[in-house]
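The values are calculated or read from the model by the stated rules, or taken from the named source; none is laboratory data. Given the structure is predicted, the values throughout are model-derived calculations rather than measurements. So basically every Cβ, Gly included, is an ideal-geometry build from the backbone, and we count neighbours across all protein chains shown. The area values use the complete protein model at the heavy-atom level, side chains included, leaving out ligands, DNA and RNA. Shrake-Rupley method; radii C 1.70, N 1.55, O 1.52, S 1.80 Å.
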Amino acid sequence: MPRILDGNRVRDEIKSELKPRVEALAAQGRAPGLAVVLVGNNPASEIYVRNKIKAGTESGLWVDLQRLPATASLDEVLALVARLNASAVHDGILVQSPLPAAMGADAERRVFDVIRPDKDVDGFHPLNVGRLVQNRATLAACTPSGIIELLERSQVPLAGSRAVVIGRSDIVGKPMALLLLHRHATVTICHSRTADLPAVARSADILVSAIGRPAFVTPDFVKPGAAVVDVGTTQVSDRALVERLFPPGSKRHAAFEKRGALVVGDVHPAVADVAGALSPVPGGVGPLTIAMLLKNTVTAARARSGWDGRERRRGFERRHAGAGRL
Ligand code: NAP
C-alpha cells in the first residue's frame, strides 16, 4: 500500500501555526478580516462558502459574508469589490466562483482583475500571478500552494524530481507547475491535446492530476513508487461507475449508499497498487485549499498591519547586532 499523503494532518499543522499569528494581530486591536462574496445560490458554492466561514471563524478570523442575489449585475459586484478594496477592516477578499452565467463569460476575470492585489487571497490577480512567475509571490493560488505544503511536510523530495502536472487551468495546473519549478523540480504540463499522456505521466516522480475526470489516471499512468496527488473532485451519482470503482462492502460504497452520490478523484483506486505515496479523495488536497486561504488572509493582514516589516527589521537588527563593534 502507498504512503497516504494526509491532508487533514497537514491542515491541522498549518492551522495551529497560524493561531499565534492570529492572536498577535487580534491583540494589536483587530483579528484578520476576510470578505467572502457569494453571488446567487449555487448549491456547491453554498457548501464551499459555509466551510470557509466555519474554518475561518474557528481559527479566530473575522469572516464577513457579503451576499448578492443571482439577479445582481456585474456592475453591482464590481461596486461591492470596490467598497471592500477601500475598507480598513477587510484584509482579504474572496469572490466565490462561479459567478452566475448571465453575467457573461469574462465576468470572473473582470472581477478578479479589480480586487486589490494585497487583498487578493485567492492569488488570481494578474500582478500576483506575475509575481508567482518571478518566484516572489506572497499570495499564491490556494490549492497548488496547499499541495506544496502537503508534499514538503510529507517529506516527498521535490528538488531534482521529475514532476508532471495534468491540467493547465489558471487556478490549479499553471500555478502548480510554477511552484514545483521554483522548488527545482523538472516540470511537464499536460492537457487535453497532450500526445501519449500515459507515457508522459509515467516519467513522473511526482504526478499531480487536476482535470476533473473520475478515475481517469489508471495504473499505466504511474511510475512504480511515484507520489501521486489527486486534485480532481467530481460528484458522481452513476451507480454503475461507483460500483466499478468501489465494490459493495467498501467504505466508499457505503458512503455512496448513504448519500446517493460520491465525490470521486481523477485517480483510479487501482493506482494504490503502484504509487509510493498517494493523496486520497476526500482527505487529501481538499482540506489544504481552505487552510491556505486562511494562511493567505493572515499573510495579507500582517502585511497591511506592518507586522512583516517590523519582524524583518527585528531580524535585521538581530543579525547585525554587534556589527558596529567590528
Ligand atoms: P478546469 O479549469 O476545467 O481545467 C481542467 C484541465 O484539465 C484543462 O487544462 C484540460 O485541458 C484538462 N483536461 C481535461 N480533460 C483532459 C484529458 N482527457 N486529458 C488531459 N487533460 C485534460 O479545472 P480546474 O479548475 O483546474 O479543476 C480541476 C479539478 O480539480 C476539478 O475536478 C476541480 O473540481 C478540482 N479542484 C479541486 C480543488 C480542491 O480543493 N480539492 C480545488 C480546485 C479544483 P485543456 O486545457 O486542454 O482543456
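Some values worked out for this structure:
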read-out	value
Neighbours by Cβ (under 9 Å, 6+ apart or cross-chain): first from region 30-49, among the small types (Gly, Ala, Ser); second assigned to a strand (DSSP E or B) and open to solvent by 60 Å² or more (accessible area, probe 1.4 Å)	ALA31/TRP62; GLY33/TRP62; ALA35/LEU65; GLY40/ARG67; ALA44/GLN235
Per-region count, region 165-184, residues away from the ligand (no atom under 11 Å from the Cβ) and in contact (Cβ under 8 Å) with a residue 24 or more places away in the chain	6
Any hit, region 305-322, residues being of a type in the set (Lys, Arg) and modelled with pLDDT of 95 or more	no
Filter result (polar (S, T, N, Q), touching a strand residue (DSSP E or B) at 6+ places or on another chain (Cβ under 6 Å) and either assigned to a loop (DSSP other than H, G, I, E, B) or more than 9 Å from the ligand (Cβ to nearest atom) (or both)) within region 188-218	THR188, SER203
Residues of region 23-56 classified as buried (at least 20 other Cβ atoms within 10 Å of the Cβ) and either β-branched (Val, Ile, Thr) or closer than 30 Å to ASP273 by Cα (or both), total	3
Residue in region 222-237 that is open to solvent by 30 Å² or more (accessible area, probe 1.4 Å), within 15 Å of the ligand (Cβ to nearest atom) and in a loop (DSSP other than H, G, I, E, B) present	yes
Boolean, VAL81 is surrounded by 19 or more Cβ atoms within 10 Å (Cβ to Cβ), in a helix (DSSP H, G or I), more than 18 Å from the chain's Cα centre (by Cα) and in contact (Cβ under 8 Å) with a residue 12 or more places away in the chain	yes
Residue within region 254-262 that is of a type in the set (Lys, Arg) and either within 16 Å of the ligand (Cβ to nearest atom) or within 21 Å of ILE211 (Cα to Cα) (or both) present	no
Close pairs from region 191-214: first on the phi < 0 side of the Ramachandran plot and modelled with pLDDT of 95 or more, partner more than 10 Å from the ligand (Cβ to nearest atom) and of a type in the set (Asp, Glu), Cβ under 8 Å, at least 6 apart	PRO198/ASP220; ARG202/ASP220
Members of region 138-169 that are out of contact with any Ser or Thr (no Cβ under 7 Å at 6 or more places or on another chain), within 17 Å of ALA291 (Cβ to Cβ) and open to solvent by 10 Å² or more (accessible area, probe 1.4 Å)	ALA140, SER145, GLU149, GLU152, ARG153
